[in-house]
Amino acid sequence: MKEHLDRCRQAIIDGDAEKSRELAELTLEKGMDVLEVIEKGFVEGIREVGRLWEDGELFLPELVIGADAMKKAMDVLQPSLEGGRGQQSLGHVVIGTIEGDIHDIGKTLVATMLSANGFAVTDLGADVPVTKFVETAAEKGADWIAISALLTTTMPGQKKVIEQLEAKSLRGDVKVMVGGAPCSEEWASEIGADGYAGDAVAAVALAKGRAG
Ligand code: B1M
């Protein structure tokens, strides 16, 4: 397993989309733990790409190529996480990445895991306006709004969603969770969110703990 995880990680660092797709397919063929391969293999790779880019060792096009290799692997693996549908819904989650922010890999993984664990999920995609979160949650009677932010510059948008819910007297109707690399428990409590989740498994636990 360790060797497989290393190869997955390396394929992303090399920006080798063909290899990452092959390794994702091999993961399914061999019946390996898909979530473990994603989190400890591919995700480690894309985070390393981010570190190398931050240190000036990679340029923006290489970051884009790494993200593309990551997406190829996720396209193969994500459907296999989508079991569990058809059971009674544990609640409705409206999820998206906040406006100004196009990072969607982590958000999509969280959406898939919530859906696989029995939640009805409305995925609004990335670069989602504040108003869209609020309007959709009201329309769907959502239990949770889950807002992803990967940039420190877009995090304030998460706070704006809560402010808009308050302004429209909807805050009592829906809970809000925040997530994404720069977010934290402290940030969640500072902006008055109901919770923070550090990864997809934590997001499911949080939604389950507070649902209903
Ligand atoms: Co960007 N980027 N990027 N990037 N990128 C980061 C976030 C950065 C930290 C890289 C770095 O400097 N080391 C940095 C942000 C710095 C900061 O603000 N502090 C950065 C930057 C600066 C930028 C640009 C501004 C670069 C530029 O153009 N000059 C630009 C921004 C564009 C924009 O959004 N307006 C940009 C662009 C891109 C790409 C398009 C090339 C690509 C995104 C492709 C895509 O998503 N479609 C990209 C990538 C890939 C990254 C890194 C390398 C990896 C992100 C990722 O996919 N991780 C990232 C570095 C990093 O995060 N360490 C970086 C894998 C994913 C599975 O993890 O998203 O953390 P993550 O999700 C996790 C948890 O956080 C959590 O669960 C997930 C699963 O475990 N989670 C939630 C996430 N959302 C959640 C929501 C929840 C609950 C949990 O409910 C609410």
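The values are calculated or read from the model by the stated rules, or taken from the named source; none is laboratory data. Owing to the predicted nature of the structure, the values given are computational and were not obtained by experimental measurement. As a convention, Cβ positions derive from the backbone with ideal geometry for all residues, glycine included, and neighbour counts pool all protein chains shown. Keep in mind that these areas ignore ligands, DNA and RNA; they rest on the heavy atoms of the full protein, side chains included. Shrake-Rupley method; radii C 1.70, N 1.55, O 1.52, S 1.80 Å.
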Task: Distance in nm between pseudo-label sites at Asp55 and Leu26 (7 Å out along the Cβ direction from Cα) - done: 2.6
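Provide the per residue accessible area, probe 1.4 Å, for the chain, rounded to a whole number of square angstrom.
Roughly 49 Å² per residue, with all protein chains present.
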- [ ] Grab the Cα-Cα distance for Ala167 and Glu186, subtract it from 0.36 nm times how many residues apart they are, and report the gain in nm with one decimal.
- [x] 4.5 nm
Open item on the list: Explain nothing, just compute: Karplus ³J(HN,Hα) = 6.51 cos²θ - 1.76 cosθ + 1.60, θ = phi - 60°, for every residue of segment 57-64 in order, whole Hz, x for Gly and Pro.
Closed with: 8, 10, 9, 3, x, 6, 5, 5
- [ ] Order these peptides, 47-56, 148-157, 8-17, by their mean beta-carbon neighbour count within 10 angstrom, highest first.
- [x] 8-17, 148-157, 47-56
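Tally up the carbon and sulfur contribution to the accessible surface of segment 70-156 as a whole percent, 1.4 Å probe, everything protein left in place. Could the numbers behind the result be given before it?
On the way: 1860 of 3600 Å².
Using a 1.4 Å probe with all protein chains present, segment 70-156 comes out at 52 percent carbon and sulfur.
Can you compute the FRET efficiency between Thr131 and Val201 using 1/(1 + (r/R0)^6), with r the Cβ-Cβ distance and R0 = 35 Å? Round to the nearest 0.05.
Details: r = 30 Å, r/R0 = 0.87.
Computed FRET efficiency for Thr131 and Val201: 0.70.
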TODO: May I ask you to order 37-46, 200-209 by the average number of other C-beta atoms within 10 Å around their residues, highest value first?
DONE: 37-46, 200-209
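Residue separation times 0.36 nm, minus the C-alpha to C-alpha distance between Glu62 and Glu36: what's the value?
Result for the pair: 6.9 nm of gain on full extension.
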TODO: Any lysines with Cα under 22 Å of the Lys107 Cα? List them, leaving off those in the same chain fewer than 8 positions away.
DONE: Lys40, Lys71, Lys72, Lys132, Lys140, Lys159, Lys160, Lys175, Lys208
TODO: Using Cα centres only, tell me the gap between segment 26-65 and segment 148-181 in whole Å.
DONE: 28
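Can you work out the FRET efficiency for the pair Lys208 and Lys2, with r the C-beta to C-beta distance and R0 = 35 Å, to the nearest 0.05?
On the way: r = 31 Å, r/R0 = 0.89.
E(calc), rounded to 0.05, equals 0.70.
Taking square-rooted eigenvalues a ≥ b ≥ c of the alpha carbon gyration tensor, is the chain rounded, prolate or oblate, where a/c under 1.5 means rounded and, failing that, a/b exceeding b/c means prolate?
On the way: a/c = 2.36, a/b = 1.48, b/c = 1.59.
Oblate, since a/c reaches 1.5 and b/c is not below a/b.
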